[in-house]
Structures are given as structure tokens and as C-alpha cells.
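Undergrad: This is the structure I want to talk about, given as C-alpha cells.
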Amino acid sequence: MKSVFVALVACCLSVGVHAQNQGGAASTLDAAAMDATQKDKDKSDKAITDEKASAKASTWMDRAKTYQTIAAQYIKLDSAAATTAYEAYNKVIELDKDKKGGPGRLAKEAQEALKSPALYSAFMQQGVAKFQNKNFPDAVKAMSMAGEINPKDTLAPLYTAIAAQQIKDNTTAKTQLEKYMAAGGKDATIYGSLAMLYSADNEIDKALATLDKGIAMDPGNKDLANEKINIMLRTNRMDEAVQGMKAMVEKDPNNVQNLVNLSIIYNNMADKSNQEIRKLESETKKSGNSEKKLADAKGVQDTYTSEVTRLSGLIKKQPKNAELKRQLADVQKRLTEQKATVAQLEADAKAAAADASANADKEKQLAEYRSKYAADKKMEKEYLMKAIAVDPNNYDANFNLGVFYYNEGAELNKGLAAMDMKEYQAKGKEIEGKVCGKFKLALPYFTKAKSIKDEPEVTDNLTNLENILKQYEEKKVVCTE
């Protein structure tokens, strides 16, 4: 909602200019008019304290008009003038009855005034002034009243919603944004703001329905599409997201934004699978290494035991050799520590053996996640390629495909970095060529993206990639695909 808040502040400043300039008495004429209004105000304040005068509808009508003028032009005289005018008009309706008990002439005039653009404007001025003074509760009251006076208006509910958010009154904010939509508000960004409020309150169906309305209004709005994807990812509705996007692609196969959005969904699903893969790999690696660690530890223990035997034999031949005794004491200490290590590893190995069935399940899950990851990455690439086929100059499709190949190279490079010398000598050069090949595939897409839109993200990625490829060139690595 940040962008909406900024827009509101800008509007508040522009709406409040008139009142501030008038209230500032920039000219002699303004000063005289404000003095006259002040006198009318003082007269009205006095009149309603008089029992006889306060019983007349005309007294309250004069008061309503006076305070409406204050709200519209001289709000510095009374920051709650619109509310006072509203109450005075209602008092007129209460007091002015015809012979049959119906509304009299002044009452009918008051009824019309309560629905008038003038009173709407008065409440908006009052609300803006309260907002600028950070009196958000009163700003909400004033601007929501303006919305009630003119139910077809979109500005008042929008302002009211954002004022409500400043006091974390999300219930009012949602209600007012719903009024904005019902009144025919056309700013798709506002639909996104309402969806975020629904999402924050876990009203997911409402959030998604609202985003769909905003997307229908502005199909090219990436923020709305991304927010929908984020909500579905967070709430595990990715299958639903895929089905919905595929239906849109089938309906309009040349809509490049839908193709890009579908690729993003597959990317997010792949990322989620990758998180599970890393977690399971870590768990299975720990259990799988227990026997090897135990064997290695026992080997070290045997080495220490042999050394104790050797040193003990030497000391028998040289009983006064202090250095041999020092070495023996040191090795015996290490042997004791190693025995404790072996005991712990034996316990770990026993526990691992007991969990063999659980490990088997994890291996199965790992295989499933790897398969799903590969399938989702394949679909991500497929839809990015389709997007570029529809529009070769689409920035997002080119940039994302560059990222796709770059990440593939980075992932291969992690495996290369984890190799020991023996593994590297066996297949390191081959893997290094594949890493370079993936990076090289990314280059034309980043280059194309930069030619379309010179954004910092693509500039940074392209510069980094060019430096990496230069290093491979200097090392005379042959890039392979």
C-alpha cells in the first residue's frame, strides 16, 4: 500500500491548498471575508445558547450554512466545522415541521443540503486537515461521512481506507476499499492493496478474487500477477495457480505476460522442491556417513594402540628415557579420547541402523523431489522460450531466461567446488566446461534484456557474467553445452 499512501499525501496537499490559502488571509479581501465569517460564527454560537432562538429552525439553518462555509473556506476557524454543519442541518429537519407533521420548507432545504456536493466537499476538507495533522481517527470519521453523502464517489473511500490503515484499523480499510470498488474505482493498484489486506487477515479466497478483478482490469500489471503467485505459493495452491494460468494461456496463447507468469509459477514450485531436496540431502548424508566415520575412528584408535605398544616396548629397554615416557603419556591420553569418540560413533551407527527404514523413506522422498524439481524447471524454461517466441523484445522473458541458465551454471559449479583432488582429476575438466557452457548460454539473454531496458539488476548480472566468462577464457576452458 506504500504507493497508494504516497498518492494520498499528494492529493491531500492539493486538496488542502485552497483552504490554507484562504485561511491564510493572503489579501485584504480575504481577511475581511474571514473576519465577517468569524463574526457570523460567534453570533451563531451565542444564538444556540438562547432558549428562544435555539428553538427556531432558522437559527440552526443559519448555523449550518455558516459552519459549512467555514469548513469549505476557513477551516482554521474550526477544524470540525463540517460536523457542526451536518448536525445543524439535522436539527433543522427535527424542528421544521408542516401542519401534517411532514418536513417544512427549511427542513426540505436541509435534506437537500445533506446530500449536496458542498457538504461533501466540506467533509473532505475537514478530513484532509485532520489527516495532515495526523489525527487519523477523526480523518476517518470525516472522510467516511463524505462517502456517505456521495455513495458514488471513489475518492472519499480511498482516502478513508488509507487513513484507517495509519491506525491499523484494517476492518474499516477493507470496507472502504470495497466501497471504492463498488463505486467503479478503476485503479488496479487499489485492488492489489485490498487483496493484501484480505491476505493479512487470512481471507485468501477474497484476496485471490480481488486480484483477479484487478488483473482483468489491467492484464499487464506484473505486481498483481506476482502477488497472486506469492499468495498461492504461501498457501500451497500452486496446482490451482498452474491450472488457472494454463487456461488463460490456452484462451490467449499470444499474451506474453501470461506465459511469463506461468514460468514464474514453475520457478517458484521448483525453488520449493529444491529447499526440500537440500534438507533431505543433509539428513541422509548425516545418516549415511555414520558407518564410514566409525570405521575411520576405529582405524585411528588402532594406530594409537599400536603406538602405545611400540613406546612401551622401547621404555622397557630404556627405562630412564624421559622423552619416551612423555610421548607414551601423550599417546595414552589421545587413545583414551579416541575410545570415547569411537563409543559415541558406535551409538550413532546403532541409532542410524535403527532408523534405516526412515532413511529409506527419505531417499524415496528425495528422489520424488528431484524428479519434480527437474520437471518444473523444464516447464519454466519452456514457457520462457514461448514468451520470447511471441515477443522477442520482452524484458522479463529475456532476463528470466538469462537467470535460468546462470543459475544452472552456478548449481553445477557448487558440485565442482565440492570435489576433492581425485574427483577433479577424473571429471573436473569436463564439469568445468559444462559450467562455462551454461554461463555462456545466459549471456545473449542478459545482453538482450539490457538493450530493452537498462535496469540495475540486469546491468549487475551482465557485468558479473562477463567477468566470469573472461576468467574461463583466460584459463582456456572449452565451454560445452
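Undergrad: Could you give every pair whose Cβ atoms fall below 8 Å, whose first residue belongs to the stretch 248-270 and is buried (at least 18 other Cβ atoms within 10 Å of the Cβ), and whose second residue is outside any helix (DSSP H, G or I) and among the small types (Gly, Ala, Ser), counting only separations of at least 6 or pairs across chains?
TA: That search, which allows pairs on different chains as well, returns Gln257/Gly220.
Undergrad: Given (1) at pLDDT below 90; (2) surrounded by 14 or more Cβ atoms within 10 Å (Cβ to Cβ); (3) in a helix (DSSP H, G or I), identify the lone condition not met by Met419.
TA: So the condition that Met419 fails would be (3).
Undergrad: Also, quick follow-up: Tell me, please, whether a residue that is farther than 25 Å from Thr37 by Cα and assigned to a loop (DSSP other than H, G, I, E, B) can be found in the stretch 116-134.
TA: yes
Undergrad: Hey, could you check the stretch 50-64 for residues that are in contact (Cβ under 8 Å) with a residue 40 or more places away in the chain and surrounded by fewer than 24 Cβ atoms within 10 Å (Cβ to Cβ) and say which is nearest to Lys115 (Cα to Cα)?
TA: Top of the filtered list is Met61.
Undergrad: Now for a separate question. Would you check which residues across the stretch 297-321 are under 60 Å from the mean Cα position of the chain (by Cα), surrounded by 14 or more Cβ atoms within 10 Å (Cβ to Cβ) and not polar (S, T, N, Q) and list them?
TA: Of everything in the stretch 297-321, those that are under 60 Å from the mean Cα position of the chain (by Cα), surrounded by 14 or more Cβ atoms within 10 Å (Cβ to Cβ) and not polar (S, T, N, Q) turn out to be Ala297, Lys298, Val300, Tyr304.
Undergrad: Taking the condition in a helix (DSSP H, G or I), within 14 Å of Asn258 (Cα to Cα) and modelled with pLDDT of 90 or more, does Ala374 pass?
TA: Answer is no for this residue.
Undergrad: Could you check the stretch 364-387 and list, in sequence order, the residues that are free of Cβ contacts under 8 Å to residues at least 60 places away in the same chain and more than 27 Å from Gly433 (Cα to Cα)?
TA: Once the filter is applied, which keeps residues that are free of Cβ contacts under 8 Å to residues at least 60 places away in the same chain and more than 27 Å from Gly433 (Cα to Cα), the stretch 364-387 yields Lys364, Glu368.
Undergrad: Of these, Lys65, Lys43, Lys39, which one is modelled with pLDDT of 90 or more and within 27 Å of Phe131 (Cα to Cα)?
TA: Lys65
Undergrad: Search the stretch 177-194 for residues that are closer than 15 Å to Ala163 by Cα and pair each with any residue that is surrounded by fewer than 21 Cβ atoms within 10 Å (Cβ to Cβ) when their beta-carbon atoms are under 6 Å apart and the residues are at least 6 apart or on different chains.
TA: Note: pairs meeting the criteria are Tyr180/Thr154; Ser193/Met1; Ser193/Val4.
Let's see how each residue does on (1) farther than 17 Å from Ala173 by Cα; (2) at pLDDT 95 or above; (3) touching a helix residue (DSSP H, G or I) at 6+ places or on another chain (Cβ under 6 Å):
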{"site": "Asp96", "(1), (2), (3)": "yes, no, yes"}
{"site": "Lys100", "(1), (2), (3)": "yes, no, no"}
{"site": "Pro103", "(1), (2), (3)": "yes, no, no"}
{"site": "Ala122", "(1), (2), (3)": "yes, no, yes"}
{"site": "Gln125", "(1), (2), (3)": "yes, no, yes"}
{"site": "Asn133", "(1), (2), (3)": "yes, no, no"}
{"site": "Val140", "(1), (2), (3)": "no, yes, yes"}
{"site": "Thr154", "(1), (2), (3)": "no, no, yes"}
{"site": "Ile162", "(1), (2), (3)": "no, no, yes"}
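Undergrad: Which is in contact with a Leu (Cβ under 6 Å, 6 or more places away or on another chain), in the same structural domain as Lys43 (by TED's automatic domain parsing) and under 24 Å from Trp60 (Cα atoms), of Tyr89, Tyr74?
TA: Result of the check over Tyr89, Tyr74: Tyr89.
Undergrad: Another question, then. Within the stretch 442-451, can you find the residues that are of a type outside the set (Ser, Thr, Tyr) and surrounded by fewer than 18 Cβ atoms within 10 Å (Cβ to Cβ)?
TA: Leu443, Pro444 - these are the residues of the stretch 442-451 that are of a type outside the set (Ser, Thr, Tyr) and surrounded by fewer than 18 Cβ atoms within 10 Å (Cβ to Cβ).
The values are calculated or read from the model by the stated rules, or taken from the named source; none is laboratory data. Computed from a predicted structure; not experimentally measured. Here the Cβ is made from the backbone with ideal geometry for all residues, glycine too, and neighbour counts use every protein chain on show.
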